[in-house]
Amino acid sequence: MDFTLRRAAADDAAALALVGGATFLDTFAGILGGLDIVAHCAANNSEAVFARWLADAGSIVLLAEAATRAAPIGYAVLTAPDLPIAIELGDVELKRIYTLSRFHGSGLGKALMRQALADAGQAGHSRALLGVYGQNARARAFYERHGFVLAGERSFRVGATTHQDVIYARML
């Protein structure tokens, strides 16, 4: 299926929240507890959360849409780093990168990653960081294929449960 990528605008917050909640549920249903997923999405995938990122001049938000009719199907968010490792001048955090599972293998994830890293470099950043659920082998393999290497660990709370994440870094 064809898709388009573009820099998200302020009026995209609702679409981003929709695809944010849908992709988180799609990714973690059967892995994380249902109540934890609902609580996490309510707190972290709301329209207000995306509106804050869209209003922040230091953040970059990309929206992937189906080429036909422009339904939201994925997104990426880059922000100032908020990770428990030594942060260096020029660092940026790839806070989120998700696509609906029906688009896995379509090249959408690769295109989102390529654009996010290019935009980060154009914004003057020199290193991208990200945190990922340590047991998410598919995501970890994706990041490693894109040149990310292990840089640390963190505890990450989803709802009422704490999980162990790994932190990756990649020079831009």
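The values are calculated or read from the model by the stated rules, or taken from the named source; none is laboratory data. If you're wondering where the values come from, they're calculated on a predicted model, not measured in any experiment. FYI the Cβ positions are ideal-geometry reconstructions off the backbone, even for glycines, and counts take in every protein chain you see.
Data for the structure
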quantity: Ala13 surrounded by 15 or more Cβ atoms within 10 Å (Cβ to Cβ) and in a strand (DSSP E or B); calculated: no
quantity: Unmet criterion (only one of (1) touching a helix residue (DSSP H, G or I) at 6+ places or on another chain (Cβ under 9 Å); (2) modelled with pLDDT of 95 or more) for Asn136; calculated: (2)
quantity: Residue in the range 32-49 that is within 25 Å of Asp91 (Cβ to Cβ), in contact with a strand residue (DSSP E or B) (Cβ under 8 Å, 6 or more places away or on another chain) and modelled with pLDDT of 95 or more present; calculated: no
quantity: Residue in the range 65-107 that is farthest from the chain's Cα centre (by Cα), counting only those that are more than 20 Å from Asn44 (Cα to Cα) and in a strand (DSSP E or B); calculated: Ala66
quantity: Residue pairs meeting the criteria (Cβ under 8 Å; at least 6 apart or on separate chains; first of a type in the set (Ser, Thr, Tyr), in the range 22-36; second at pLDDT 90 or above and not in a helix (DSSP H, G or I)); calculated: Thr23/Gly74; Thr23/Tyr75; Thr23/Tyr98; Thr23/Thr99; Thr23/Leu100; Thr27/Tyr98; Thr27/Asn136
quantity: Residue among Leu117, Leu129, Leu150, Leu112 that alone is over 14 Å from the mean Cα position of the chain (by Cα) and under 19 Å from Val92 (Cβ atoms); calculated: Leu150
quantity: Tally, over the range 158-170, of residues that are free of Cβ contacts under 8 Å to residues at least 40 places away in the same chain and not aliphatic (A, V, I, L, M); calculated: 4
quantity: Every residue from the range 108-126 that is in a loop (DSSP other than H, G, I, E, B) and either surrounded by fewer than 13 Cβ atoms within 10 Å (Cβ to Cβ) or hydrophobic (A, V, I, L, M, F, W, C) (or both); calculated: Ala123, Gly124
quantity: Hits in the range 141-162 (condition: touching a His at 6+ places or on another chain (Cβ under 8 Å) and loosely packed, with under 11 Cβ neighbours inside 10 Å); calculated: Ser155
quantity: Any hit, the range 84-92, residues being modelled with pLDDT of 95 or more, out of contact with any Gly (no Cβ under 6 Å at 6 or more places or on another chain), closer than 22 Å to Arg170 by Cβ and among the acidic types (Asp, Glu); calculated: yes
quantity: Residue check, Arg127 out of contact with any Lys or Arg (no Cβ under 6 Å at 6 or more places or on another chain), modelled with pLDDT under 95 and either charged (D, E, K, R) or under 13 Å from Leu78 (Cβ atoms) (or both); calculated: no
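Conditions tested, residue by residue: (1) under 27 Å from Leu18 (Cβ atoms); (2) modelled with pLDDT of 95 or more; (3) touching a strand residue (DSSP E or B) at 6+ places or on another chain (Cβ under 8 Å); (4) polar (S, T, N, Q).
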residue	(1), (2), (3), (4)
Ala55	yes, yes, no, no
Glu65	yes, yes, yes, no
Ala80	yes, yes, yes, no
Lys95	yes, yes, yes, no
Phe103	yes, no, yes, no
Leu112	yes, yes, yes, no
